[in-house]
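S.K.: I'd like to ask you about the structure that follows.
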Amino acid sequence: MDRFKALRGVAQFALLGGTFDPVHNGHLETARQILHRTGVNKVVFLPSGTPPHKSFFHVTDGEQRLRMVELAVEGEEGLAVSDLEVHRAGMTYTVDTVEELHRELGDGVQFHFVLGADALFYLSSWKNYERLLELCSMIAVTRPGYDTSRLKAAIGRLKEKYHSRIRFLEIPPVNISSSEIRQKVKRGESIQGLVPKAVEEYIAKTGLYQAGD
């Protein structure tokens, strides 16, 4: 089985990482905005395996989170999902994933890694962040009203020091959070309209996030 089949022949794509516990309509809207406003051919959801920044918190089984994203993007033109991090043993680091993609797909493919704008200020704490900046460009996602002066200054410093390719993209906010959804399920409240219908049905069928989980 070719785990990279969906990405072969794609000239440039954006990687949208996260725990997606669960994936929700806000994630999907972010992906659509990136797809239609940045010129990438595809946005690839990248559910994390064991994320180092959440190692002290409970995260739902990777296969279940992966399945929910698969259901969410089904039928969505230009959106896809990768299982690279879910199936990697140990802690999952972005630079390892990007290295693997480069080995498999070749240097002709353009990668764009999506991250929240605030993460740029802590990028130096990431594993081999210099190598990551060398291997792929970045799209820093912001919300309307965000103070972009500080962000532009940070981008300028990274570009000057590492010759990095970073742009920021302002995306209208969608007031949904995964933690809110988990709490609603635990309280027995409806999550209709917060997640795709297929994801809502999956959560109900499997009993995810119910009291006691």
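S.K.: Pick the calculated Cα extents along the principal axes in Å for this structure from [x] 65, 52, 33; [y] 51, 45, 34; [z] 51, 42, 27?
M.R.: From the options [x] 65, 52, 33; [y] 51, 45, 34; [z] 51, 42, 27, the structure gives [y].
S.K.: Where does helix 25-38 land angle-wise versus the long Cα axis of the chain, in degrees 0 to 90, nearest 10?
M.R.: With both axes taken from Cα atoms, the answer is about 30 degrees.
S.K.: Pairs to check: Lys127/Lys197; Lys127/Lys161; Lys42/Lys186; Lys42/Lys197; Lys127/Lys159. Give those whose C-alpha atoms are more than 26 Å from each other in this structure.
M.R.: In this structure, Lys127/Lys197; Lys42/Lys186 exceed 26 Å between Cα atoms.
S.K.: Would you mind calculating the gained length between Gln12 and Tyr146 on full extension (0.36 nm times residue separation, minus the Cα-Cα distance), in nm to one decimal?
M.R.: 45.5 nm
S.K.: Any idea how far apart Arg103 and Glu160 come out in nm if each label point goes 7 Å out from Cα toward Cβ?
M.R.: Once both label points are built, they end up 3.6 nm from each other.
S.K.: Run the accessible area of the range 92-204 with a 1.4 Å probe and give the carbon-and-sulfur part as a rounded percent.
M.R.: About 46 percent, which is the carbon plus sulfur part of the accessible surface.
S.K.: Counting other Cβ atoms within 10 Å, which GluC sites (Glu not before Pro) in the range 110-213 have at most 15 and lie in a DSSP loop?
M.R.: Counting only loop positions with at most 15 other Cβ atoms within 10 Å, the GluC sites (Glu not before Pro) in the range 110-213 are Glu189.
S.K.: Show me, for the range 154-169, the HN-Hα J-couplings you get by feeding each phi into the Karplus relation (A = 6.51, B = -1.76, C = 1.60, θ = phi - 60°), rounded to Hz, glycine and proline as x.
M.R.: Those phi angles translate into 5, 4, x, 5, 5, 5, 5, 7, 10, 6, 6, 10, 10, 10, 10, 10 Hz.
S.K.: Using each residue's phi in the range 188-202, evaluate 6.51 cos²θ - 1.76 cosθ + 1.60 at θ = phi - 60° and report the 3J(HN,Hα) Karplus result to the nearest Hz, with x for Gly and Pro.
M.R.: Per residue, the Karplus-derived 3J(HN,Hα) values read x, 8, 6, 10, 4, x, 8, 10, x, 3, 5, 6, 4, 5, 5 Hz.
S.K.: So how much slack lies between Arg3 and Lys184, counting 0.36 nm per residue of separation and subtracting their Cα-Cα distance, in nm?
M.R.: Length gained, Arg3 through Lys184: 61.7 nm.
S.K.: Place a +1 charge on the Cβ of each Lys and Arg in the chain and a -1 charge on the Cβ of each Asp and Glu, then give the dipole magnitude about the Cα centre in debye, rounded to the nearest 20.
M.R.: It works out to roughly 500 debye.
S.K.: Nothing charged except the Cβ atoms of Lys and Arg (+1) and of Asp and Glu (-1): what's the magnitude of the dipole of the range 45-151 about its Cα centre? Round to the nearest 20 debye.
M.R.: 440
S.K.: Per 10 Å bin from zero, what fraction in whole % of the C-alpha pairs of the range 100-199 is there, up to the bin with the longest pair?
M.R.: P(r) over the range 100-199, rounded to whole percents: 13, 34, 26, 22, 6, 0.
S.K.: State, to one decimal in nm, how far the label point of Gln210 lies from the label point of Ala153, with both points 7 Å from Cα in the Cβ direction.
M.R.: Those two pseudo-labels are separated by 5.2 nm.
The values are calculated or read from the model by the stated rules, or taken from the named source; none is laboratory data. Predicted model, so just to flag it, every value in this text is computed and none were measured. With ideal geometry, Cβ positions are generated from the backbone for all residues, glycine too; neighbour counts draw on all protein chains shown. Heavy atoms of the whole protein, side chains included, go into the accessibility calculation; ligands, DNA and RNA do not. Shrake-Rupley method; radii C 1.70, N 1.55, O 1.52, S 1.80 Å.
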